[in-house]
Each structure stands twice: as structure tokens, then as C-alpha cells.
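Single-structure report; data block below.
The values are calculated or read from the model by the stated rules, or taken from the named source; none is laboratory data. Only a predicted model underlies this, so the values are computations on that prediction, with no experimental measurement involved. Methodologically, a virtual Cβ is constructed for each residue, glycine included, from the backbone with ideal geometry; neighbour enumeration extends over all protein chains shown.
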Amino acid sequence: MTALRELSEVPGVAGDEGKVREIIRQQMQEHADEIRVDALGNLLVIRRGSPDLPRLMVAAHMDEVGLMVSHIDKSGCLRFKKVGGIDDRVLPSTAVRVGCKQVPGAIGSKPVHQQKPGEQNKVIESDKMYIDIGASGKEEAERSVSPGDYVHFATEFEEMGDGRLKGKAFDDRAGCAQLIELLRSDVEVPLYAAFTVQEEVGLRGAQVAAWEIEPDLALVLEGTTCADVPEVEDHGQSTALGEGPALGLMDRTSFAHPGMLRGLIRAAEENSIPYQFRRSTAGGNDAGPISLSRGGVPAATVSTPCRYIHSPVSVMKKSDFENGLRLLSAFLQDIERGFRP
Amino acid sequence: MSELLETVTGRDFLREICTAAGVSGAEDSLGDLVEKRFAPFIDDARRDVMGNVIMRRRGSGADPPILMLAAHMDEIGLVVTEVDKRGFLRFAPIGGVDPRNLLAGEVEVLGEENLPGVIGVKPPHLISPDERTRAIKMEDMYIDVGLDEESARAKVQVGDPVAFRRETFALAGDRLAGKAMDDRAGVAALYAAAQKLASLRLEADVYFVATVQEEVGLRGAVTSTYDIMPDAGIAVDVTMASAPGIPSSIDAEIGKGPALTQGANIHPRMHRRLREISERERIPHQQEIEPGHSGTDAWSMQVTQSGVPTAVVSIPLRYMHTTVEMLSESDITNSGVLMAYFAASIDRGFLEGFYDSST
């Protein structure tokens, strides 16, 4: 899990994935036949494998949700815009880091002592919030930050409970870590790994990566919604922690390809690997643009359930991550043995 | 004063006590830490039945006046009210907690062993547009400690206190942010005062008191003041500082020195002495007006037994009762130095003035 620790803590808000890319590129150097970075910043790691087997694209996105500085007030406080889908309600009382120098800052809120009755029933909107870096005025703030700077949550990776992990950006550094493991393993299938950019702002990286790779088949590895928590009815939970990797059925951008889905289910059942279906159709992922690339690509998604994604702190279970990897290996072996969707 | 005892810098002391857990009513281990760090600068220490840490530095006077300097060491937090069927913990607040600051926050459940936990939140993908505009009530929130029901029940009891988690972090200039600055900043100011007093001539007996249960009703100050029965007392606590979105009536600013409070809770002679000493020693200071309840331990202190002349030294603080309470380190040091000089200035003559009708 050391790879995931490093990947979780490094900043990589959508549009600013360079630091994540460098970590992965260095780790992949000796495991690849070819490494490319395209115009958008996607990192393509290629293992050519056997020419008789179908070319498999496996994608995981490097970017995470975050904020961007939009304006510096006279007081030296920073106004910001959200990058990707963030619930305003998770932002007050948060520690953040600003810009490439990772300047520490805080999103505070009005003290309870100053509030009017009923104020706590009102949601504070993000355009009323600001980041305080402790600067005494605009001039001092401008010495270390500027509008356009990306902002990420300052969250430490940590193990907790029974085999669970806590950290930021498991969506989708969990997928990145799985893809790294897959590239290190012994496979014959031509493996075209795409560590994509800008997923959180509209699945932008995967679209061009898929065009470039021209795959026969595609898998997307995700850290997905999991709401097996109080106040959420069973049918609204999407996935549950500890029940294995989640197979997507449909979301706002694609249906899982029926043949690919059947193949994944068969691989799981024949190898007694626990799995579940993602029981929500909300959101979209890189499988959308990949499946529509060129004349169309059979694609499916294998996800690690992560509680509290798109907030400063998410929680996942190691066993789901590991069972996801087992499922991927089994599926790839089936392709080597002749499985076609 | 023993040379063998370890001393730490003011900043290290502040970081150490802010990161430690000490929710109101559960300040014991924090009290041990405070007592250990103050040891090089005091003559004796004791704990009272409430858990107040009462530390004395003896003066040289034959019949020394008694001065009490108090800061509360407790912090706001939560308490476990239920362990549910899937191991999630329900909770209630201890002290003034705005539920809107809690979502996706990190906590530490203080049971048999301390467990890290997270206050959960639904992902935005699964939230309806209507839901987004509603603030979530505390009773609908839960703590996730990553355990199933059986393991959670084995490790967590209803009634276990829960502390917020946040490492103190440095910002621009000498500014710092973190949890529990309210009022560990005050405890750090006492530490700075104790350090400074080591080099000053002192007539009075000075009691440094780290009080408990301030956040739930200024309770520790009630028993500790009764016990010490000082001739004069100062509470050092944080005060609201100006920040964007805060009413302009709040005009204390971080980094501009301790705010010297004026109002019914402050004896005019005490205030005047503090102001004179600030000017004499060129300690930056500001004025704060609080006609009624000062919201500090001085409110309890003032009406102990037959009454105590009190003052309030305030450290300006932004984002009070969040996990990113922000202040300027110089305000802590200046508050400490001011209290040290004040203590060194106290003699019998000063005390007699309190009962002079011409004050």
C-alpha cells in the first residue's frame, strides 16, 4: 500500500496532474515497452505483449477534485472556484494547500458565538467562503499565491479500523495503484495503460487517449461511490465496503458492454472472487468516451468502493482493492486463453 | 529551578498541547502534559477534584500577595451517544459546535484505546439538488471508525469523548492554524509568562492555572479560584478577531498584540495597570470592549468568595470553534510577557488600592 499512500497524498487536481504523472512514470520505467505523454497530459504506458491477442486498454484517471484560486481580496484572503463536483457542505473547517509551492491555508467559518438563531440551518455557499493563508493583506498574499493556482485538500493517508484506508483522492488513485500493479504483473495480453487527465471535469483525457490507442477492448478502473452508511436506504447505497470490486452496469455516460460484463462475472465466479454490482446510475466515467471512440470499443468498469469520495477524506477497504486486482488478473488470463466478449 | 528538566520552545509547546486531546470533562492526560512542561518554571503543582492543574511560583515577599493567572485547557468536542448495528457511532456536541463544520472531518474517539475516525458524508453524485441546500443536522451524522458492530462495541462505549484531529500548521508570517487554539493559546501564554518570570524579581506568589470545563460553563475556574483565593486574577483567553464575513463591530486584529478587555468583568485598576505596563515595556496591545459577560474564566473568578479583582487578556483568533482556528504567535508571546511584568509589579501597596473608594 506504499504506492497508494504516495499517490493519495500527492496533489493532482484536474488540469494539474503533473506530479501524479511523474510518480507513476518513474515507477513504470522498467515495466514498459514504451511510455508516452500526449498533448493533454495523459500518461500512456504500453506493454506490447503477444500480437495474436486483442489490444486491451486499461484506464485510470490521475486527477482529483479540488479548488482553484479566482481572486485575492484586499484582506489577503483567497476566493476560489470548485474544480469538479464538491458538496459545499464539506468545505468549512478544512486545511488546504495552495499552488505549486503548496502554501498552507484554511477555510474557516463564522464562530458560533457570532451567529444569529437559525443560521446553522443554512448551508454556507462556496462563493461566500475564502481561503486564509495568514497573509496580512493582498500584497503579502501575492508573494506566494496567484489567481489560477490549484488548491488541494491537506489530508494524510492512514490505515484505520479493520483493514481500511483513509486518505484523499482514492477516486481515482485507487485505480491508478491497481493499474500500476497490473503493469508489474506477468501478462501476455497487449496492455495499453492510460493514466488519464481531466476525468473530473468531463472525461476529457480518456477521449483522446482511446483515439490514440485504438483498443480492441477496454477496462476502466475506478474509485467509486459507496454510501453503505446511516441515513441512506439500502437501494441508494451504490456499493458496500468489503463486498468486493464493483462492476458497473450503466451510468450517465455508458452501459457496460454485455460481453465484457459476462466475462468479468465468469472470471469472478470461477475463481471465487467476491464482487458486487454498482447499484447507482449517477455520475459517469472514462468508459463513456472510450466506448464511443472511433467505431466503438467494448468497455466495462471495475471499481473499488470508496466512502466519502469528493470530500477531503475518503475511506476504502484493502480487501476490495486486492480482490479487484485478482479479478483483473483472472480476466486477463481468460483473454489469453481465448475469451472474446 | 532544576536544570535537569527539559524545556521546549513556545511554538513546540503550543503545537504539542494543541494536537493533544482534552475535551471538556476529559482533560486528565492533557493536564499531565501541561504539568510536565511547566515543571522547570514552578515550585509546586497540584490537581484539584475537578482536574484543574494548579501550579505555583513562589514570590519573595514576606506576606506575598497572591496572583492567579488562568487559561482553560479544555476544548470543544463530541461524545458518543450510540454504537449502531453496523458499527457507526452517533454523537452529541460538547460545547458550542456548529454542525456545519463537521462533515468529512477527522476525529479521535477516546475510549479504551484511541481510535481514528471520520465523520461521513454522502458523495455529491448521490445527493439530490434539493438536498444540497439543506444543512445536515448533527443527529443525522455519524462517525466511521472502520469497524463492524462487534469490534466497535468492544472498543467504544457510549459516553466516550471524541476529539477533533488536526495537526497545527504554520501559515504566512508568524501565523498558525489548528484545533483547540481556544484556549491552548492561553495556556501557551501562561507558559511564556512562566518562562519570562524566571528572569524577573517577583514579590507575589503566582499561580498558573490550567482550568477545565470552561467550554461547558466556566466550571473549572469556580473551584480553582475558591481554592487559591487570590488577591487578584487574570484570565487569558482567545477573542474573536476580524475576518472577511465577520461583523465590523469585531475589530481586534490578529498580530497586533493582546486585546485588553474593558467592561464590568474587569476591575478598572487592573486594566489600567495592564495598559501602563504594556506602554512602559512597549508591548503592542489593542483595546476590546465587552460591557457584560466576558465569556471567560474571569466571569467565574470575579464572584468567588467575597469577590476578586479580575482582568482579561485576550488573544485575537479567527474561525473560533473550527479545526482551523488561526492566530499570530506574537500575540501569545506578548500576552505572556505582559502578564509576567504585571505579576512582577504586584505588591501589597497595589492590592490596598482595590479597597480605596477613590479608584
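Can residue B:25 be described as within 15 Å of residue B:212 (Cβ to Cβ) and either part of a helix (DSSP H, G or I) or acidic (Asp, Glu) (or both)?
no
Residue-wise test of (1) within 19 Å of residue B:54 (Cβ to Cβ); (2) more than 14 Å from chain A (Cβ to nearest Cβ); (3) in contact with a His (Cβ under 7 Å, 6 or more places away or on another chain).
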site	(1), (2), (3)
B:151	no, no, no
B:158	no, yes, no
B:167	no, no, no
B:178	no, no, no
B:194	yes, yes, no
B:211	yes, yes, yes
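Could you check the stretch A:1-82 for strands (runs of 3 or more DSSP E) lying wholly inside it with 2 or more residues that are under 21 Å from residue A:97 (Cβ atoms)?
A:66-72
Residues to consider are A:246, A:299; find the one that is within 14 Å of chain B (Cβ to nearest Cβ), at pLDDT 95 or above and either surrounded by 24 or more Cβ atoms within 10 Å (Cβ to Cβ) or out of contact with any His (no Cβ under 8 Å at 6 or more places or on another chain) (or both).
So the residue among A:246, A:299 that is within 14 Å of chain B (Cβ to nearest Cβ), at pLDDT 95 or above and either surrounded by 24 or more Cβ atoms within 10 Å (Cβ to Cβ) or out of contact with any His (no Cβ under 8 Å at 6 or more places or on another chain) (or both) is A:246.
For the condition surrounded by fewer than 17 Cβ atoms within 10 Å (Cβ to Cβ) and free of Cβ contacts under 8 Å to residues at least 60 places away in the same chain, what is the one hit in A:336, A:269?
Just one listed residue meets the conditions, A:269.
Does any residue of the stretch B:330-347 turn out to be under 29 Å from residue B:77 (Cα atoms), small (Gly, Ala, Ser) and assigned to a strand (DSSP E or B)?
No, that holds for no residue.
Looking at (1) within 21 Å of residue B:156 (Cα to Cα); (2) in a strand (DSSP E or B), which one does residue B:67 not meet, given that it meets all the others?
(1)
If I filter the stretch A:114-129 down to residues being over 28 Å from the mean Cα position of the chain (by Cα) and at the interface with another protein chain (Cβ under 7 Å from one of its Cβ atoms), which single residue comes out as surrounded by the fewest Cβ atoms within 10 Å (Cβ to Cβ)?
The residue in question is A:121.
With the condition kept exactly as written, say whether any residue in the stretch B:181-198 is in the same structural domain as residue B:227 (by TED's automatic domain parsing), over 19 Å from the mean Cα position of the chain (by Cα), in contact (Cβ under 8 Å) with a residue 24 or more places away in the chain and assigned to a loop (DSSP other than H, G, I, E, B).
yes
Going residue by residue through the stretch A:93-108, is there one that turns out to be touching a helix residue (DSSP H, G or I) at 6+ places or on another chain (Cβ under 7 Å), on the phi < 0 side of the Ramachandran plot and assigned to a loop (DSSP other than H, G, I, E, B)?
Looking through the stretch A:93-108, none of the residues is touching a helix residue (DSSP H, G or I) at 6+ places or on another chain (Cβ under 7 Å), on the phi < 0 side of the Ramachandran plot and assigned to a loop (DSSP other than H, G, I, E, B).
Being over 30 Å from residue B:216 (Cα atoms) and either not charged (D, E, K, R) or not assigned by TED's automatic domain parsing to the domain that holds residue A:89 (or both) is the requirement here; does residue A:105 meet it?
It is false that residue A:105 is over 30 Å from residue B:216 (Cα atoms) and either not charged (D, E, K, R) or not assigned by TED's automatic domain parsing to the domain that holds residue A:89 (or both).
Being in contact with a Lys or Arg (Cβ under 8 Å, 6 or more places away or on another chain), facing chain A (nearest Cβ under 10 Å) and either free of Cβ contacts under 8 Å to residues at least 60 places away in the same chain or in a loop (DSSP other than H, G, I, E, B) (or both) is the requirement here; does residue B:146 meet it?
yes
Report the residue count in the stretch A:284-341 for those that are touching a Ser or Thr at 6+ places or on another chain (Cβ under 7 Å) and among the basic types (Lys, Arg).
Total satisfying the criteria: 1.
If you check A:169, A:174, A:106, which single one turns out to be surrounded by 22 or more Cβ atoms within 10 Å (Cβ to Cβ), facing another protein chain (nearest Cβ under 7 Å) and modelled with pLDDT of 95 or more?
A:106
What is the number of the single condition among (1) surrounded by fewer than 16 Cβ atoms within 10 Å (Cβ to Cβ); (2) in contact with a helix residue (DSSP H, G or I) (Cβ under 9 Å, 6 or more places away or on another chain); (3) outside the structural domain of residue A:147 (by TED's automatic domain parsing) that residue A:33 does not meet?
Here residue A:33 meets the rest and fails (2).
Do we find that residue B:263 is in contact with a Pro (Cβ under 7 Å, 6 or more places away or on another chain) and assigned by TED's automatic domain parsing to the domain that holds residue B:196 in this structure?
Answer is yes for this residue.
For the stretch B:100-123, name all the residues that are in contact with a strand residue (DSSP E or B) (Cβ under 8 Å, 6 or more places away or on another chain) and within 7 Å of chain A (Cβ to nearest Cβ).
Of everything in the stretch B:100-123, those that are in contact with a strand residue (DSSP E or B) (Cβ under 8 Å, 6 or more places away or on another chain) and within 7 Å of chain A (Cβ to nearest Cβ) turn out to be B:103, B:104, B:105, B:106, B:116, B:118, B:120, B:123.
Tally up the residues in the stretch A:169-196 that are part of a loop (DSSP other than H, G, I, E, B) and under 10 Å from the mean Cα position of the chain (by Cα), please.
1
From (1) of a type in the set (D, E, K, R); (2) more than 19 Å from residue A:226 (Cβ to Cβ); (3) buried (at least 17 other Cβ atoms within 10 Å of the Cβ), pick out the condition that doesn't hold for residue B:137.
So residue B:137 meets the others, but not (3).
Could you please let me know if residue A:181 is acidic (Asp, Glu), within 14 Å of another protein chain (Cβ to nearest Cβ), on the phi < 0 side of the Ramachandran plot and surrounded by fewer than 22 Cβ atoms within 10 Å (Cβ to Cβ)?
no
Given the criterion in contact with a helix residue (DSSP H, G or I) (Cβ under 8 Å, 6 or more places away or on another chain) and under 30 Å from residue B:138 (Cβ atoms), identify the matching residue among A:56, A:44, A:40, A:78.
Only one candidate qualifies: A:78.
Any idea which residue in the stretch A:130-144 is surrounded by the fewest Cβ atoms within 10 Å (Cβ to Cβ), counting only those that are outside any helix (DSSP H, G or I) and within 9 Å of chain B (Cβ to nearest Cβ)?
Ranking the qualifying residues of the stretch A:130-144, first place goes to A:143.
In the set A:99, A:49, which member is more than 18 Å from the chain's Cα centre (by Cα), away from every other protein chain (no Cβ under 14 Å) and farther than 26 Å from residue B:321 by Cα?
On inspection, the qualifying residue turns out to be A:49.
Here is a yes/no grid of residues against (1) surrounded by fewer than 24 Cβ atoms within 10 Å (Cβ to Cβ); (2) touching a residue at least 60 places away in the same chain (Cβ under 8 Å):
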{"residue": "B:234", "(1), (2)": "no, yes"}
{"residue": "B:265", "(1), (2)": "yes, no"}
{"residue": "B:271", "(1), (2)": "yes, no"}
{"residue": "B:278", "(1), (2)": "yes, yes"}
{"residue": "B:285", "(1), (2)": "yes, no"}
{"residue": "B:317", "(1), (2)": "no, yes"}
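Please find, within the stretch B:124-142, the residue that is nearest to the other protein chains (Cβ to nearest Cβ) out of those that are of a type in the set (D, E, K, R) and within 26 Å of residue B:83 (Cβ to Cβ).
Only one residue fits best here, namely B:140.
Within the stretch A:73-90, take every residue that is more than 9 Å from chain B (Cβ to nearest Cβ) and hydrophobic (A, V, I, L, M, F, W, C) and give me the one that is surrounded by the fewest Cβ atoms within 10 Å (Cβ to Cβ).
Applying the filter and picking the extreme gives A:83.
Could you check how many residues of the stretch B:60-99 are within 14 Å of chain A (Cβ to nearest Cβ) and among the hydroxyl-bearing types (Ser, Thr, Tyr)?
Total satisfying the criteria: 1.
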